[in-house]
Every structure is written in structure tokens, then in C-alpha cells.
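To keep things clear, I will list the structure first and then write my remarks on it.
What follows is calculated from the coordinates using simple rules that are stated; it is not laboratory data. Every value quoted in this text rests on a predicted model; they were computed, and no experiment measured them. Virtual Cβ from ideal backbone geometry, glycine too; neighbours counted across all protein chains shown.
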Amino acid sequence: MMKDATNKEPASLLSLGEQQFVSERKEGIRNSLQSLGMHINADSVPHIALLGSGGGQRAAVALLGSLQQMGQDDLLDTLLYMGGVSGSGWAMASLYTDPQWSTNTAAALARLTQPGPEVDDIMAWLKVRSEQEDFSLSDLWGSLLSSSIMKQMDRTRLSDEAKRQTTNPYPVYSALEQKCYLDGQTKGKWFELTPHESGFTELNHFTPTSLLGQRPSDSGASEGEKGVEGGKEEVMEVMGVEEEVMEVMEVEVSGMDMVTLQGIIGSAMADEQKMLAHLPDWLKNILDIHSSPSEGAVDSQERKTKVDAWMEKVLKPMREGLLALPDGPVKDVVSWVVLKLLPLITEWKWGTTANFIYHSPDEFIPECLRSTENLQLVDAGLFLNSPYPPFLGARRDVDLIISLDFSLGQSLEGLRD
């Protein structure tokens, strides 16, 4: 039941939910353009996409400021799509907390100057998340980004946006599948996430976003077979359940929340070689890991072996020390750090997500995807610092791309490499 591009019209490659959104949103776009003096027929409404580059906090704040100005100039309602990577994606995830954000962009900017969530709130979210199988460093990073920069801990699910009206542009977030990216694959590395479906842009293989992270056996589908649409009816069809059962299961199949999403799309630190280059010498000496242009890159297995050995030396006395601590909040926090967090640092796993095309029989799917049980979704800016791929070609038929570049370097640098 995966979507395939063969012999299909471009529009049919989109989920039914996105098709419906586009149809309804275009009516508002036409009215907006008419108010600006542009009289357009209903079948000629342009598909305009606004894209924000990466650039960390700089990009997040700059995108919010740009959107506020566009709102003041009555231009926001002309946008059909909005896409972002890294820092711009943080801002997007924060904006879509509010189903009416495009009518009040000042609110999101004002929140940046307010106090962030309480530590207890952050830890409560992390403790619940850490009990799940796909807990990774992206969750820790997402909680830090959300609380310290965007000043919220938004538990709204990305799939919740599918139930909302067309007040705001349709959001498309981007990430990389790390293994395929490192393997040098031309296809299978770019991963897009929308309210209705998420999956591989170049391969045209998607799963309902509300099921993202579910393993095929969890939803009653065979390995390599997942649904492609994101509405409730489509998810019911995929899962083979009646509506009454779907209501009971809604919490369990609602997909990732905005905190985890921010951690995934902003996880530039997942790049081991770049991180090693910035480690202080004293830490490299402790870990016995050294890397320089003359020495070449550190082999990841060598790094893992050395870090594992060092971490075991550290963890063993810490585990023993836990037994001596009296029961209480301090022991709870220390226990969580020792048992949940430090092992993740050893493995350096980011964006762990169940692979919905694991063991797929489709020969066009790269081996780097078919052979791995989990995807590792990381910051798309590691390859391309602007989210062009989902908006090129006939699938979304975008007529005009407005690209806002907040990069320090060249946003297209990855293409030259």
C-alpha cells in the first residue's frame, strides 16, 4: 500500500488530505490575490512556497520576523506551502502550535522573550519519552531547543495539523536519513514530514504521519507495506479497525510531537566528524580519539570502541553509587542520567524512528533502507541548507519559490560536494 510514482498523475502522488487542503487553501489564496489587485481564474491560482534555510537560532528568529512583515503586508495568505530545515524548522514547529498563527505572528516573536518551561516540566516529558523504544539524543536536544530557544514544550502532534482548517500555509518539514546520506546514495536520503504523510521524497514512498514510528507489525501490516494517506479514514483502512476502535487507539497512533520533531530537524550535532573536530583536546586525550585533516577522519567503529571502553569505566562506579543513594528526587534524576542518557551518548544515536519500508520487496529501494530496522533522521542542513527537494517537480507543482537564506555559508554547498 505504499505510494508509487508509476503511471500516476502528479496530483495523485499527494495524500488525499493534502489534496483536499490544497483545493480549499487555493480559494483563500485567490481572494487574497484579488484584494492585492491581481484577478486570477480559479484554475490558475499559483502555487507559492516560502522556504526557510537553516542557521540555528539566527534562522529561527529571522524567519519569524520575515513572516511578521509578510503578515503586515497582507502576503501570508498568498502562500500555499511553507518549508524549513534546521533553525527555520524550529520556528515552524513553534508557530504551528497555534492553529491561527498567520493572523497573529507577533505572538510567536513575543514568546521568545518570555520565561521558558520549568525544569520539572522538561524532565517529566523526557522521562515519559525515554521509556519508549525509539528514544534518542534528538529527544534530549529537542527538549533543550524547545524550552531554551522557542520557550515552550509543545506536545502537539504533527499529525494534529491534519485536522485543522486551511488558515495557515501547508507545512513541510525536512530531514535526512543518516545511513543513506553517509552511504552516498543519490536517492533515499531526503525525508519529508507533513501533517498527513511522511517519507522519502525521491522514492515516493510514504506512511501516514500518525503512524510514523510504528513498526509494520504494530499496525497489522506486513513488512514493507504501510499506508500512504494521513486522514483518519485512511489510517483506519491501513490498520483494519472500525471507527470506535480507532477512537480508543488515537493516543497510541498519533505520531511524533513537536518537541521530538524539533530535535530531529535541528540535529546538526549528529554529524560525528564535525562534532569530533570541535571537541576540546583534553576530552580527545581522555577518549584517545584524535582527528585532523592530516590524520583523516576517525573511523566510527574505532570511535565507538574507545568511547564504549571509557564509558564503562565511568558507568560502573556510577551504577554502584546509585545503590548508596537514598530514595528521592536526586536518586531519580541521577538514575535517569546513568541508565537512560549516558548509553545514548555512547551510541550517538539520533532521530531513531521505526523503518516502515524495512525488508520491502521493492527493488528500487536502496539497500541502506531495506536492510535497517530503524531510520536515523537528522538535520537536512548537513546536506542542503534549504528545503528545495519536496517543492521541485510536478508532484506539488510549485510555480514560485520564495527562498529565505539565513545561512552563514552557502545554502547549496552540499550539492557541490
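In nanometres, what is the gap between the two model label sites at LEU339 and LEU144, each 7 Å from Cα along Cα-to-Cβ?
2.4
What residues qualify as long-range amide H neighbours of HIS205, i.e. H under 5 Å apart, gap of 5 or more or another chain, H built at 1.01 Å from N?
HN-HN under 5 Å from HIS205: PHE200.
Return the FRET efficiency for the residue pair ARG58, GLN132: r is the Cβ-Cβ distance, R0 is 25 Å, and the value is rounded to the nearest 0.05.
Numbers: r = 32 Å, r/R0 = 1.28.
It comes to 0.20.
Report, in whole Å, the centroid distance computed from the Cα atoms of region 148-188 and region 57-81.
18
Which order do the peptides 259-271, 362-374 take when ranked by the mean count of other beta-carbon atoms within 10 Å per residue, highest first?
Numbers: 259-271: 26.6, 362-374: 15.7.
Going by the mean number of other Cβ atoms within 10 Å, highest first, we get 259-271, 362-374.
Can you give the net charge of the other residues whose Cβ lies under 13 Å from the Cβ of TRP90, counting K and R as +1 and D and E as -1?
Summing Lys and Arg as +1 and Asp and Glu as -1 gives +1.
If each residue of separation counts as 0.36 nm, what is the full-extension length gain between MET269 and LYS331 once their alpha-carbon separation is subtracted?
On the way: separation 62, 0.36 × 62 = 22.32 nm, distance 2.90 nm.
Between MET269 and LYS331, full extension yields 19.4 nm more.
Using R₀ = 25 Å, calculate the FRET efficiency as 1/(1 + (r/R₀)^6) where r is the Cβ-Cβ separation of THR167 and THR372; round to 0.05.
Details: r = 39 Å, r/R0 = 1.54.
The formula returns an efficiency of 0.05 here.
Whole-Hz Karplus ³J(HN,Hα) for region 86-100, in order, using 6.51 cos²θ - 1.76 cosθ + 1.60 and θ = phi - 60°, x for Gly and Pro?
3J(HN,Hα) across region 86-100, in whole Hz: 6, x, 5, x, 4, 4, 4, 4, 5, 4, 6, 4, 9, x, 10.
Kindly state, to the nearest 0.05, the FRET efficiency for ASN41 paired with ASN104, given R0 = 41 Å and r defined as their beta-carbon distance.
Numbers: r = 31 Å, r/R0 = 0.76.
My answer for the efficiency is 0.85.
ASP121 to GLN20: extension gain in nm, 0.36 nm per residue of separation minus the Cα-Cα distance? Mind showing how you got there, number by number?
Numbers: separation 101, 0.36 × 101 = 36.36 nm, distance 3.69 nm.
Gain on extension, ASP121 to GLN20, equals 32.7 nm.
Using the Karplus curve 6.51 cos²θ - 1.76 cosθ + 1.60 with θ = phi - 60°, work out ³J(HN,Hα) for each residue of region 131-139 in order, rounded to whole Hz, and write x for Gly and Pro.
Here the 3J(HN,Hα) series is 7, 8, 4, 9, 4, 8, 5, 4, 5 Hz.
With θ set to phi - 60°, apply the Karplus curve 6.51 cos²θ - 1.76 cosθ + 1.60 along region 393-400 and write out the HN-Hα couplings as whole Hz, x wherever there is a Gly or Pro.
x, 7, 4, 9, 6, 6, 8, 9
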